[in-house]
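The values are calculated or read from the model by the stated rules, or taken from the named source; none is laboratory data. Keep in mind that what you see is a predicted model, and the values were worked out from it rather than measured. Every residue, glycine as well, gets a Cβ built from its backbone with ideal geometry; the counts of neighbours run over all protein chains shown.
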Amino acid sequence: MRLGIVGPAHGDLPSLARGAQHLMDHAQADKVLYVGNDDALDRVVANWARGIVGANPSDAALFDRAVERCARGAAEDIDDFVAKERALRRLRVLMSVPPGQRTIEILDRHVVLFVYDKGTLDTEDIGAAHVLVFGKSPEPLIRRIGSRTFVAPGPIGQDGGVVLLEDGPAGLQIELRSVTGTVLASDTHVIGSGGTAKMKVQGSG
């Protein structure tokens, strides 16, 4: 499974859109989580949805859209309708961590906890997770502390802002990326490992 993460937008919706687009189209993420404390991703998704199918992209309006496009349409009109509805459905991979709450995902055997402010976590929360991803950070980071790895994508639009997690045979691969997809740093979390993280920084010796 590939799980994408985008950091807080702080009003920079174009950069947020670029980061989310990269994760969906190029990184082929199965799910993308926004770790901001606002509705920026919801606004980006709503704008994309209207651009794909028009003013009312809701599921409730699906029948009306089908009637409008297909009732008297040619074969190419029906094909276009189906393609657009599939593109609209694809947007469902984009989700936000609810403000003030936390989300948990399981990648292979790794428990990954997502939260905006890691300061809201208690020892029980931290103890249950292998990897903790948080949004409230002035800069991107991947840091191993004992047997756990802390990850922050950093604010969107700066260096970083995007993270890709992928489960693999060697452990959970963590890549810190720019909004355009450049890999800036990487690490692999292995359950049961501790000590200092060996983070590979792109371009370093």
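Couple of notes before you dig in:
- Any hit, the range 108-123, residues being in contact with an Asp or Glu (Cβ under 7 Å, 6 or more places away or on another chain) and free of Cβ contacts under 8 Å to residues at least 24 places away in the same chain: yes
- Residue ID - surrounded by the most Cβ atoms within 10 Å (Cβ to Cβ), chosen from residues in the range 132-147 that are in a strand (DSSP E or B) and among the charged types (D, E, K, R): ARG144
- Among (1) modelled with pLDDT of 90 or more; (2) over 19 Å from PHE134 (Cβ atoms), the one test that GLY161 misses: (2)
- Odd one out for ARG69 among (1) at pLDDT 85 or above; (2) more than 25 Å from LEU13 (Cβ to Cβ): (1)
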